[in-house]
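The values are calculated or read from the model by the stated rules, or taken from the named source; none is laboratory data. Computed from a predicted structure; not experimentally measured. Ideal geometry is used to build each Cβ from the backbone, glycine not excepted, and the neighbour counts take in all protein chains shown. For accessibility, only protein heavy atoms count, side chains too; no ligands or nucleic acids. Shrake-Rupley method; radii C 1.70, N 1.55, O 1.52, S 1.80 Å.
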Amino acid sequence: MILRLQSNIQFIYELALARMELRSLGVSFRVRNSLRSFSADGTADTSTLKHRLAYCEKIDDDFTDYYFIQKYNQTRSVNQYLTHWIYPYKGKYHPQMIRSLLNIIRLKPGETVLDPFIGSGTTAVEAQLLGINCIGIDVSRLCTLISKVKTESIYAFEEVKRLAGSVAPSNVESVQSDLMRKRSWEAAKDERVRNFYQMAEMIAHSDQARRGKDFVKSFYENIDKMMESVNDYRNLCKELALKLGNVNIIEGDARHLDIPANSIDGIITSPPYSIALNYVENDAHSLKALGYDLNKIKQDFIGVRGSGFEKFKLYNEDMRIAIGEMYRVLKPGRFCVIVIGNVTYRSEEVQTTNIVIETCKSEGFQLLRKVDKIIFGLYNIMQKEYILIFKKPEER
Ligand SMILES: C[S@@+](CC[C@H](N)C(=O)[O-])C[C@H]1O[C@@H](n2cnc3c(N)ncnc32)[C@H](O)[C@@H]1O
């Protein structure tokens, strides 16, 4: 059997993950000379591989599910397929990498993955696609809103569609008389419908603040593009007969998880990279529009608390508590993946990755793999990040 890599694969870390996911799915293989394909023995279960693989586009003459998934894309970026593009959230991770990690840590349909720093919901969408349940937690209501809209709108699409064209943004001045005849989306009964339209408004806030676009025009353009993406998601589910995983998105604090001990089948997450990104300042326009007092919420965001060098001390303390919680809720014998990078402060590299590794070890995790991942793009403040794979030992 010949497994051909996706044509967009170009980094060593992607090849490393491609090999790891094949091994986790029980395939014995060898890399062929071109490095663009693998030959595997004929005993592998082709239908599971076809459904799950992230880095291969073809198995012999058949395309994998992921090949079709990537085609449902309303953007020009290959990674922003289905609902992934919704809201320009800084610091999201690569969906293809998450799909492969779900395979690598051997999660099966019906099992549950936790992401205690869910951000814009990448883990939730990828788990949902594979029929894996996901609990996603974030301290920011903006993030829980994005994650919910990406994963829940498919179930409320008919009502979303019925209202399109007759809703107005919630905060438009009454001088705009043609809008006055429309009702604000706030009147919708279904929370998922309200979330959808509130999201269109949040993207419009971002478009206005970052790109100087007209708020109302952007609101309506976003509705159209979001509806097309949600419709794509529905069509894809039909085309591939997907049985989606359940997603539960919760506004909460990674340092205090309301989840029983030893109950989670796997963790995949990327916490704030120390003080690299100020998640409060970065989305200030949207957080204010959601009614937040920015000074107050700062206290709850890891990596934002304190000033100067004190910030690092507080970050390390917060991460120790959050890692302790991840360890507590994970089932023994299962895996926890943390994607993290080092930040540079006053021209010095801060060893965030090593601190996180040492903290994980002292909480009881065993480090199984550290995969280097380069970050593309000159505008990035970091050039490298790491995929850390830990195991919670079996109970003796
Ligand atoms: C690196 S981002 C996660 C991005 C995510 N992987 C994605 O693909 O969009 C880190 C997230 O941690 C969240 N966060 C910060 N402090 C937190 C806390 N105390 N509890 C839960 N989430 C928190 C931030 O709001 C931010 O969304």
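Kindly provide the set of residues from the range 1-45 that are among the aliphatic types (A, V, I, L, M) and open to solvent by 70 Å² or more (accessible area, probe 1.4 Å), ordered by number. Working first, answer last.
Quick first cut of the range 1-45, residues among the aliphatic types (A, V, I, L, M) only: 1-3, 5, 9, 12, 15-18, 20, 22, 25, 27, 31, 35, 40, 44.
Across the range 1-45, the qualifying residues are Ile12, Leu35.
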Residues of the range 78-124 satisfying the condition of being more than 14 Å from the ligand (Cβ to nearest atom) and either among the basic types (Lys, Arg) or open to solvent by 40 Å² or more (accessible area, probe 1.4 Å) (or both):
Val78, Arg106, Lys108, Pro109, Gly110
Note on Cys134: of the conditions (1) more than 9 Å from the ligand (Cβ to nearest atom); (2) crowded, with 24+ Cβ neighbours inside 10 Å; (3) assigned to a helix (DSSP H, G or I), unmet is (3)
Any chance you could count how many residues in the range 221-258 are open to solvent by less than 20 Å² (accessible area, probe 1.4 Å), β-branched (Val, Ile, Thr) and touching a strand residue (DSSP E or B) at 6+ places or on another chain (Cβ under 7 Å)?
1
Since Ala276 meets every condition but one in (1) at pLDDT 95 or above; (2) touching a strand residue (DSSP E or B) at 6+ places or on another chain (Cβ under 9 Å), which condition does it not meet?
(1)
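Here is a check on your reading of the model: is Ile59 open to solvent by less than 60 Å² (accessible area, probe 1.4 Å), within 30 Å of Pro260 (Cα to Cα), modelled with pLDDT of 90 or more and touching a strand residue (DSSP E or B) at 6+ places or on another chain (Cβ under 7 Å)? Give the steps one after another, and end with the answer.
Numbers: open to solvent by less than 60 Å² (accessible area, probe 1.4 Å): yes; within 30 Å of Pro260 (Cα to Cα): no; modelled with pLDDT of 90 or more: yes; touching a strand residue (DSSP E or B) at 6+ places or on another chain (Cβ under 7 Å): yes.
No: the conditions fail for Ile59.
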Go through (1) within 13 Å of the ligand (Cβ to nearest atom); (2) open to solvent by 10 Å² or more (accessible area, probe 1.4 Å); (3) at pLDDT 85 or above; (4) over 13 Å from Ile267 (Cα atoms) for Lys298 and report which single condition fails.
(3)
Are any of the residues in the range 264-281 part of a helix (DSSP H, G or I) and farther than 30 Å from Leu388 by Cα?
no
Search the range 201-238 for residues being modelled with pLDDT under 95 and of a type in the set (Lys, Arg), and hand back the single one that is nearest to the chain's Cα centre (by Cα).
Arg210
Only one of (1) assigned to a strand (DSSP E or B); (2) open to solvent by 20 Å² or more (accessible area, probe 1.4 Å) does not apply to Gly306, and that is (1)
